[in-house]
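The values are calculated or read from the model by the stated rules, or taken from the named source; none is laboratory data. Remember, it's a predicted structure, so these values are computed and weren't measured experimentally. So basically every Cβ, Gly included, is an ideal-geometry build from the backbone, and we count neighbours across all protein chains shown. Surface accessibility is based on the protein's heavy atoms, side chains included, excluding ligands, DNA and RNA. Shrake-Rupley method; radii C 1.70, N 1.55, O 1.52, S 1.80 Å.
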Amino acid sequence: MYNKDNVFAKILRGEIPNKTIYSDDYVLAFYDVNPRAKVHALVIPRGEYTDIFDFTQNAPAELQMAFWNGVRAVVEKLGLRDNFRTIANTGRGAGQSVMHFHIHIMSDERFTEDF
Ligand code: AMP
């Protein structure tokens, strides 16, 4: 169940500042406050979805399409085209700490771990 007190909900309501990379009616993308790569951005939908399956099963198609366009907009804007990773931690066991669906976009000069 979605909790409106999560930090990304607060960011969407303007209660917490963020370093915005891209914004439109459907998505917001901003820099991760605790970067774990040279470039570490987050993309979130403007809607109440806890994780990837909540989003893909319950969000309108228009929002889902716009979300991936938002991911692409960040990649283009930051010039990451052929060197980035997307990660969607899902569930506490995988380290999801904010229960508002988000995609991490990470880029480094060279990734040392392959997975
Ligand atoms: P996850 O652990 O996959 O749920 O990712 C949540 C991410 O949100 C972490 O990488 C945090 O560093 C990041 N984060 C938490 N609070 C903020 C904030 N106020 N602004 C930007 N990023 C944040």
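Restrict the check to the stretch 60-67 and report whether at least one residue is at pLDDT 95 or above, touching a Gly at 6+ places or on another chain (Cβ under 7 Å) and either more than 10 Å from the ligand (Cβ to nearest atom) or among the small types (Gly, Ala, Ser) (or both).
Filtering the stretch 60-67 for residues at pLDDT 95 or above gives 60-67.
Filter once more, so that each one left must be touching a Gly at 6+ places or on another chain (Cβ under 7 Å): 63.
Filter once more, keeping what is either more than 10 Å from the ligand (Cβ to nearest atom) or among the small types (Gly, Ala, Ser) (or both): 63.
Yes; the residues of the stretch 60-67 include at least one that is at pLDDT 95 or above, touching a Gly at 6+ places or on another chain (Cβ under 7 Å) and either more than 10 Å from the ligand (Cβ to nearest atom) or among the small types (Gly, Ala, Ser) (or both).
Here are some residues: Phe101, Phe30, Phe53. Which one is within 16 Å of the ligand (Cβ to nearest atom), open to solvent by 20 Å² or more (accessible area, probe 1.4 Å), at negative phi and hydrophobic (A, V, I, L, M, F, W, C)? Even if it seems obvious, please write down each step before you answer.
Numbers: Phe101 fails: open to solvent by 20 Å² or more (accessible area, probe 1.4 Å); Phe30 fails: open to solvent by 20 Å² or more (accessible area, probe 1.4 Å).
Matching residue, one of Phe101, Phe30, Phe53: Phe53.
Scan the stretch 69-90 for residues that are within 10 Å of the ligand (Cβ to nearest atom) and at pLDDT below 95 and jot them down. Before the answer, list the steps.
Pass one, the stretch 69-90, residues within 10 Å of the ligand (Cβ to nearest atom): 87-90.
Residues satisfying the conditions do not exist here.
Can you go through Ile16, Ile11 and tell me which one is buried (at least 19 other Cβ atoms within 10 Å of the Cβ) and within 11 Å of the ligand (Cβ to nearest atom)?
Numbers: Ile16 fails: buried (at least 19 other Cβ atoms within 10 Å of the Cβ).
After ruling out the rest, the residue left standing is Ile11.
Exactly one condition in (1) closer than 19 Å to Tyr31 by Cβ; (2) away from the ligand (no atom under 15 Å from the Cβ) is false for Gly47; which is it?
So the condition that Gly47 fails would be (1).
Of all residues in the stretch 33-47 being open to solvent by 90 Å² or more (accessible area, probe 1.4 Å) and touching a residue at least 60 places away in the same chain (Cβ under 8 Å), which is nearest to His104 (Cα to Cα)?
Arg36
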